[in-house]
Each structure stands twice: as structure tokens, then as C-alpha cells.
1. Give the number of residues within the range 9-38 that are closer than 22 Å to residue 83 by Cα and either out of contact with any strand residue (DSSP E or B) (no Cβ under 6 Å at 6 or more places or on another chain) or exposed (fewer than 13 other Cβ atoms within 10 Å of the Cβ) (or both).
2. Take residue 198 and decide whether it is in contact with a strand residue (DSSP E or B) (Cβ under 8 Å, 6 or more places away or on another chain) and in a loop (DSSP other than H, G, I, E, B).
3. Determine if the range 124-133 includes at least one residue that is touching a residue at least 60 places away in the same chain (Cβ under 8 Å), in a loop (DSSP other than H, G, I, E, B) and either more than 20 Å from residue 198 (Cα to Cα) or in contact with a strand residue (DSSP E or B) (Cβ under 6 Å, 6 or more places away or on another chain) (or both).
4. Scan the range 151-173 residue by residue and report those that are within 30 Å of residue 242 (Cβ to Cβ) and surrounded by fewer than 20 Cβ atoms within 10 Å (Cβ to Cβ).
5. Considering only the range 153-175, state which residues are in contact (Cβ under 8 Å) with a residue 12 or more places away in the chain, assigned to a strand (DSSP E or B) and out of contact with any helix residue (DSSP H, G or I) (no Cβ under 6 Å at 6 or more places or on another chain).
6. Of all residues in the range 91-123, which are crowded, with 18+ Cβ neighbours inside 10 Å and either free of Cβ contacts under 8 Å to residues at least 24 places away in the same chain or out of contact with any strand residue (DSSP E or B) (no Cβ under 8 Å at 6 or more places or on another chain) (or both)?
7. Exactly one of (1) in contact (Cβ under 8 Å) with a residue 40 or more places away in the chain; (2) farther than 30 Å from residue 30 by Cβ; (3) touching a helix residue (DSSP H, G or I) at 6+ places or on another chain (Cβ under 6 Å) is unmet by residue 194. Its number?
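The values are calculated or read from the model by the stated rules, or taken from the named source; none is laboratory data. Owing to the predicted nature of the structure, the values given are computational and were not obtained by experimental measurement. Here the Cβ positions follow ideal geometry from the backbone for every residue, glycine too, while neighbour counts run over all protein chains shown.
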């Protein structure tokens, strides 16, 4: 028997009375399990299997089965704001899809679990949505092994001292100096403050990253860089991205 603090990412009807549940845990990664009779009786799973709920789940794995058996659950936090605000719901769905894409089933990453939980808390608060999306994308990509290298030019290897503009090269996951590349729609540029801010967001906890002051110009540059970086790194466009436009 396992007991884990879990984020419910999605559910499906399964048979006549059961639910198939996808959930993200800190200690075992993303898992899937069956909640027997959950659609018929809510006693063992009272209000705790809705998408985005933070739930303490009791579950076990039966030998020879890919799915876990969910025995009981207790709601910790329901994040009700995520179900009453379309924009919050869309961004939460996007965050879940990005986390699921970066981390396959049963790949544990406690920091990704913590990031999802912190992001849902921020979504329920007063933080600007476009800033939160940038923070989440940058940190999730870094945790998944796709952090942007701001240390040196990815072409000539010259150290970047944070002086002068740089060019982002999605094919190399890093920045190039203006001696090696020119800015274009395909190779977006970054101001020194933008490069410093994005690097700081990548490498600090979400609470500290929120202290980074972002101007409109920095936000625009970060958006262009992260859109390119995401699509190249993942090899696809996330389905939920269309609802964020």
C-alpha cells in the first residue's frame, strides 16, 4: 500500500461505475489507477478526484497489472478557482499537458510536482497569467533537461558577460553573440536584462522567480524565445496551447 500527496491531472469514465484516474505524485511520478465504484459512491473519494485537486491517495499495484488500484482519497486542496475561470482552467490544463509531456509515466521528479502545486496556488492568487506562464514554461523545461544555456555563445564559445544583445538559437538550446548570428524572426534577440531575468527564472524556486521584475519588452522577448524553444524541444505543439491564444 502506498500513500502519496497527489495532483489529479485527469479522469475518464471506466466501466459502469469506475473512474480511470491519472495523477502526479512527488515520490513516484505520474501514475494511472482505477477508482472502483467512484461514480456510484463518493464515500471513499469525497470531492477529491476532480481535475487539479490536491489529494492524499491510498493506492496499490496488483501483480501483473499496469494500472494501480485506488483504495481511498482525502481532499487537501480543491483549487476551486481553476474550475470557475476559463483562463485559469486553460492555463492549468496547459501546465498539466506540459508536465505530462516532459515526464513519462512513473518517472519521479519531486521538483516538478512542487512546481505544479506552486503554480496552481499562484493561479488562484493575483499573479499575472502571462508572467506565470513564462515562469512555469522556463522552470518546467529546465527540470525536463531543456534549460537554455546563457553561459556562453553556443557557436564560438565566448563567455556571455551580460553586456549587449544576444540571439537565441533553438537548434542548440542556447544563445549566440552578435558576432556569430544576426537577429531575425527565426532567431529572436534578447536584451541583457531579458537574458539575465530568464536565466534567473530557470534557476531559482518559483517564489523567488516571482520577484524578478519584468517589463513589457522583456515579456515579449521571453515569449518569443520560449515558444520556439518549446516547440523545437518537444517536437510538437501542445494541444492545450490553442486555448491560451
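1. 2
2. no
3. No, because not a single residue in the range 124-133 is touching a residue at least 60 places away in the same chain (Cβ under 8 Å), in a loop (DSSP other than H, G, I, E, B) and either more than 20 Å from residue 198 (Cα to Cα) or in contact with a strand residue (DSSP E or B) (Cβ under 6 Å, 6 or more places away or on another chain) (or both).
4. The answer is 170, 171, 172, 173.
5. 167, 169, 174, 175
6. The answer is 91, 92, 93, 94, 95, 98, 102, 115, 118, 119, 122, 123.
7. In the conditions (1) in contact (Cβ under 8 Å) with a residue 40 or more places away in the chain; (2) farther than 30 Å from residue 30 by Cβ; (3) touching a helix residue (DSSP H, G or I) at 6+ places or on another chain (Cβ under 6 Å), residue 194 misses (1) alone.
Here's the yes/no breakdown for (1) under 13 Å from the mean Cα position of the chain (by Cα); (2) within 23 Å of residue 5 (Cα to Cα); (3) at pLDDT below 95:
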site: 113; (1), (2), (3): yes, yes, no
site: 116; (1), (2), (3): yes, yes, no
site: 124; (1), (2), (3): no, yes, yes
site: 127; (1), (2), (3): no, no, yes
site: 131; (1), (2), (3): no, no, yes
site: 136; (1), (2), (3): yes, yes, no
site: 140; (1), (2), (3): yes, yes, no
